[in-house]
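Derivation of every value follows stated rules applied to the coordinates shown; laboratory data play no part. Keep in mind it's a predicted model, so treat the numbers as computed, not measured. Neighbour counts run over all protein chains shown; Cβ positions are idealised from the backbone, glycine included.
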Amino acid sequence: MIAWQSTYWIWMLPVLMVVGLIALVAGVFTLLLIIKLYAQYTCGRYKERTKMDGKTVIITGCTSGIGKETAKELARRGARVIMACRNLEAAEKLKEQIIDATRNTEIVAKKLDLASFASIRAFAEDINKTEKKLDVLIHNAGYAQTFKKAKSTDDIELTMATNHYGPFLLTHLLVDLLKKSAPSRVVVVASSLYRLATFDLENPNPVDVLPAYLYYASKEANILFTRELARRLEGTGVTANCLHPGLIDTGIWRNVPAPLNWGLALIIKGFFKTPYQGCQTTVMLAIDEKLEKVNGKYFSDCKESSLSAAASDPAKARKLWEISENTVKLEENDPRL
């Protein structure tokens, strides 16, 4: 009897281990699904039906993710949407998709590489010549890299060039058109992940720093830039606000290498918001009539949110501004803020 029982458990133990493993995996997936559904149910959503007929909006980096959903949503509301994208071929395809879906033919795709000062200047010159007004400038484009270090064509660390210095220069070059179109708005997509890093004023071109860290630092730069921009725009009729869209299931995570991306993919699908959910606060800041005079604030889930002491430091914001002016090499005839 004892021998038979021993043989029985020898055969049954692997079966029980497999069943237990399957139950564990199923439990994890169920838990992730519940968390995801809860996040979708509780996330902020802009419910107003405000229209944008007659308004012109520029959105950077909108061939995928949050930017794509923002462009579609503002097109549905009647805006003239200028998609400013590095990949013009992808932008043209998306333009046709948006026109088909919304029946709004006022969709334009233009080339813009925020990591190239020359590209930014060419884009801004084109806009200033061809557009009569600019009601909303949305800085949505973002770049994230994990370990691979790279520089822009202007010898600037690529993450900082794309996420901060490029938008800084573009805003300067379009500010006169924004003022002419007042009341108008600048909306900057930042991230609460700024709390994981700090922008080093002593090393504004951090080519020697891990790129993964620099993404977080660039998000603090976004916030500091927005707050100083808002201060300088007081009384002009142009406002500037920034936001945390949430942790979003977008292509910005594609540069995370294996095997780290295996576990991250599970977390993203289980916890992160969809791009449509992620665009809600951007849409609100772009069009909500109650926010017309709100300036220099930080939002999350369609409501105002708090900032850390470092991101709220006006002295640091002013110093970053001065550094940025030197880095982007403003020319004599460029507008000043």
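A few notes on this one:
- Each part gets one Cα centre, and for segment 146-164 versus segment 189-224 those centres are 12 Å apart.
- Within straight-line reach of residue 129, meaning a Cα separation under 18 Å, sit the following lysines at least 8 residues removed in sequence or on another chain: 55, 110, 111, 179, 180.
- Ranked by the mean number of other Cβ atoms within 10 Å of their residues, highest first, the peptides 100-107, 282-289, 184-191, 316-323 come out as 184-191, 282-289, 316-323, 100-107.
- Shape category assigned to segment 43-328 from the gyration tensor of Cα positions, a/c cut at 1.5: rounded
- Two-site FRET efficiency, residue 92 against residue 118, from Cβ-Cβ distance with R₀ of 25 Å, rounded to 0.05: 0.70
- With contacts taken as Cα pairs under 8 Å and at least 6 residues apart, segment 43-328 reaches a relative contact order of 21 percent.
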